[in-house]
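The block underneath contains the structure these notes are about, expressed in structure tokens.
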Amino acid sequence: MSTTPASSTPARAATPRTPGIQWRLFLTCWVIFCLHFATDFVREHFLVTSIVDDRSFDLGRYYEMHPDIFRNPPEAPHGGVHHGANPGMSMIGAIPYALFKPLVDVVVEKELAGRTGRAGDDAAYKDPRAKRMEFYRRARELGVDVRFGLLGFITMVFCMAPLSALSAVIVMRLLMGMGWSERASLWLSFAYAFCTPILFRTAYLNQNIGIGLFGIMGLAVLWDPLRTAAPRWSWRMRLMASGFLGGVCFLSDYSGAITCGLIGVYAVWRAMEERGWGDVIPTGLWYTLGALPPIVMLWFYQWASFGNAFLPPQNWMPPVEWIEVGYKGVGGPQPDLFWMLLADTRFGLFTTSPFLLLALAWPFYAWRGQTRLPRREALLCAAITLAYVVFFSAVQYTRLQWVTGIRYLMPVIPFLFLLAVDVVRVVPRTVAAVALAAGFLVDWSLAMTRSQAGVLQAINTVLHEGLSLPVVTTLSKMTASYLPFRLTAWPLYVVAALMVLAIWTIRRPARQAFAKHLSAA
């Protein structure tokens, strides 16, 4: 029996005529994501350097450098120092860092050798936030300031940026499978990358956006509306691949169990409708088998770090604000947190991504028969979105999101985007244009300024101070010991623009170069 019903693959599905356009989309997103690299050194980075440099999960060298790093309590079977997050994104980020480690070591050793001959250390970091100045002072004291900077750059450029760029290509293929033309799918994929918080969150290592990226990949493997995987991969292989991606979501954060579980339900639903009840249990088993390796890796990490394979890292955290609510700050859903997740001007889903408001109109247009997203896939997207909003409305730490901006609801962005973009075709063009423009203005402003005050402050800063970039802002607060000249954003924008221009104008450069040399010979 066919693995893909007619209802899941629109009859007007486009076929990619020029695979090169997908490479150009990928490279363009990669360049622009890298341009907006943020220098924030987050808790996931500490585990990266510990895994690669120390070959350990212990973070003892960095104790008290981050509020989430703590010493294991006496009741923990194992001692040591760790942080209260899952290790998935750190393990993935450790791969490119390990590859570049020899080069990083050379740069760091040269820098530290140059410091030994100086009479005094005049390096400084000027910031009104005392904790950031203290973090820099401590990193400089340990001699890891340059290493941290390079590590953050490497994990962003060779981990987060390519993953987000790949998700844009996957979104393009899903849109073509929904019946959009190749050209329209390309432009809408750019909207996914730059008119949603994907641009903002890709700037540094983060597990929440990772769940969204791996989740949409897991859906694409099973849905496959263009039927490109079906001829090459058996249904079992696709189940295991999707399950593995779902397991990586779980490895990245315990909230990833929502994505992992709901895509598993989607797989069983497909099997029931397409193959009959007899294939339901085997489908669930093959999907679970694919998810097991990353889940077992999580259990191993928890056993090695805390001495218990099944209790989450948060179980061992020291008492902090709101920890007395429910289990370690996770209780029942709260209406005020629900509203904050959606509409808070600092991190609300719809305030930081106004384009996604169009998704709220999807049920109306679906009822009128004007949508292209199949019912089953649409219900999955809606279920994932609602599940995350409800779950995090029960997590008290949602109130701390203002520190880094929208974070907890990043897993829903790719799924909610499919619902929103399905409405673009049927709403008035003015409404669609305003939604896209508002999304671009908001998310580009946030990506440039990374304002903790929220959306309005970010836009106001851009309008009054002009274009900027996070790396330029950070370097402007440092002394000339790192950069002997004053860097501005404009040269970086020009270089990125020339790279994007080359991506879209140079056609088959390798083949042209080969033909030229062959002709000369």
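The values are calculated or read from the model by the stated rules, or taken from the named source; none is laboratory data. Note that this is a predicted model, so its numbers are computed, not measured. Neighbour counts are summed over all protein chains in view; Cβ atoms, including those assigned to glycine, are modelled from backbone coordinates with ideal geometry. Note: areas computed on protein heavy atoms with side chains; ligands, DNA, RNA excluded. Shrake-Rupley method; radii C 1.70, N 1.55, O 1.52, S 1.80 Å.
Does the stretch 252-270 include one or more residues that are touching a Ser or Thr at 6+ places or on another chain (Cβ under 6 Å) and more than 30 Å from Val48 (Cβ to Cβ)? Taking every residue of the stretch 252-270 in turn, at least one turns out to be touching a Ser or Thr at 6+ places or on another chain (Cβ under 6 Å) and more than 30 Å from Val48 (Cβ to Cβ).
Screening Arg236, Arg270 for residues that are basic (Lys, Arg), surrounded by 16 or more Cβ atoms within 10 Å (Cβ to Cβ) and in a helix (DSSP H, G or I) leaves exactly one candidate, Arg270. When the stretch 125-154 is filtered for residues that are touching a Ser or Thr at 6+ places or on another chain (Cβ under 9 Å) and within 20 Å of Thr49 (Cα to Cα), the ones remaining, listed by number, are Val144, Arg147, Phe148, Gly149, Leu151, Gly152, Phe153. Identify, please: which residue in the stretch 435-475 is open to solvent by 20 Å² or more (accessible area, probe 1.4 Å) and of a type in the set (D, E, K, R) and is, among those, nearest to Ala161 (Cα to Cα)? Checked the stretch 435-475; the qualifying residue nearest to Ala161 (Cα to Cα) is Arg450.
Condition first: small (Gly, Ala, Ser) and either open to solvent by 20 Å² or more (accessible area, probe 1.4 Å) or in a helix (DSSP H, G or I) (or both). Can you find one or more residues in the stretch 197-211 that meet it? Taking every residue of the stretch 197-211 in turn, at least one turns out to be small (Gly, Ala, Ser) and either open to solvent by 20 Å² or more (accessible area, probe 1.4 Å) or in a helix (DSSP H, G or I) (or both). Of the residues in the stretch 152-171, none is in a loop (DSSP other than H, G, I, E, B) and closer than 18 Å to Thr202 by Cα.
Of Ser164, Ser181, all but one fail to be under 20 Å from the mean Cα position of the chain (by Cα) and hydroxyl-bearing (Ser, Thr, Tyr); the exception is Ser164.
Contact map, the stretch 331-351: first residue of a type outside the set (S, T, N, Q), second residue open to solvent by 70 Å² or more (accessible area, probe 1.4 Å), Cβ cut-off under 7 Å, separation 6 or more or different chains; pairs are Arg346/Trp402; Phe347/Trp402; Phe350/Leu357.
Within the stretch 25-63, restricting attention to residues that are in contact with a strand residue (DSSP E or B) (Cβ under 9 Å, 6 or more places away or on another chain) and part of a loop (DSSP other than H, G, I, E, B), the residue that is nearest to Pro87 (Cα to Cα) is Phe57.
In the stretch 344-362, the residue that is least open to solvent (accessible area, probe 1.4 Å) out of those that are farther than 27 Å from Val221 by Cβ and assigned to a helix (DSSP H, G or I) is Thr352. Say whether the condition of being under 27 Å from Met65 (Cβ atoms), within 11 Å of the chain's Cα centre (by Cα), assigned to a helix (DSSP H, G or I) and touching a residue at least 24 places away in the same chain (Cβ under 8 Å) is met by at least one residue in the stretch 132-150. No, the conditions are met nowhere in the stretch 132-150.
Residue count for the stretch 241-263 satisfying the condition of being part of a helix (DSSP H, G or I) and open to solvent by less than 10 Å² (accessible area, probe 1.4 Å): 9. When restricted to residues that are among the basic types (Lys, Arg) and open to solvent by 50 Å² or more (accessible area, probe 1.4 Å), the stretch 476-505 contains 1. The lone criterion from (1) open to solvent by 30 Å² or more (accessible area, probe 1.4 Å); (2) aliphatic (A, V, I, L, M); (3) assigned to a loop (DSSP other than H, G, I, E, B) left unmet by Val296 is number (3).
Considered as a group, the residues in the stretch 402-426 that are more than 16 Å from Gly348 (Cα to Cα) and among the charged types (D, E, K, R) include one that is surrounded by the fewest Cβ atoms within 10 Å (Cβ to Cβ), and that residue is Arg425. Taking the conditions (1) on the phi > 0 side of the Ramachandran plot; (2) at pLDDT 90 or above in turn, Val157 satisfies each one other than (1).
Looking at Ala191, is it of a type outside the set (S, T, N, Q) and touching a His at 6+ places or on another chain (Cβ under 9 Å)?
Taking the combined requirement at face value, the residue does not satisfy it.
Taking Phe57, is it at pLDDT below 95, farther than 30 Å from Trp180 by Cβ and surrounded by 17 or more Cβ atoms within 10 Å (Cβ to Cβ)? For Phe57, the condition - at pLDDT below 95, farther than 30 Å from Trp180 by Cβ and surrounded by 17 or more Cβ atoms within 10 Å (Cβ to Cβ) - is not met. Restricting the stretch 365-401 to residues that are outside any helix (DSSP H, G or I) and small (Gly, Ala, Ser), which is most open to solvent (accessible area, probe 1.4 Å)? The qualifying residue most open to solvent (accessible area, probe 1.4 Å) is Gly369. Report yes if some residue within the stretch 184-195 is over 19 Å from Trp504 (Cβ atoms), touching a residue at least 24 places away in the same chain (Cβ under 8 Å) and either surrounded by fewer than 24 Cβ atoms within 10 Å (Cβ to Cβ) or of a type in the set (A, V, I, L, M) (or both); otherwise report no. No, there is no match, as no residue in the stretch 184-195 is over 19 Å from Trp504 (Cβ atoms), touching a residue at least 24 places away in the same chain (Cβ under 8 Å) and either surrounded by fewer than 24 Cβ atoms within 10 Å (Cβ to Cβ) or of a type in the set (A, V, I, L, M) (or both).
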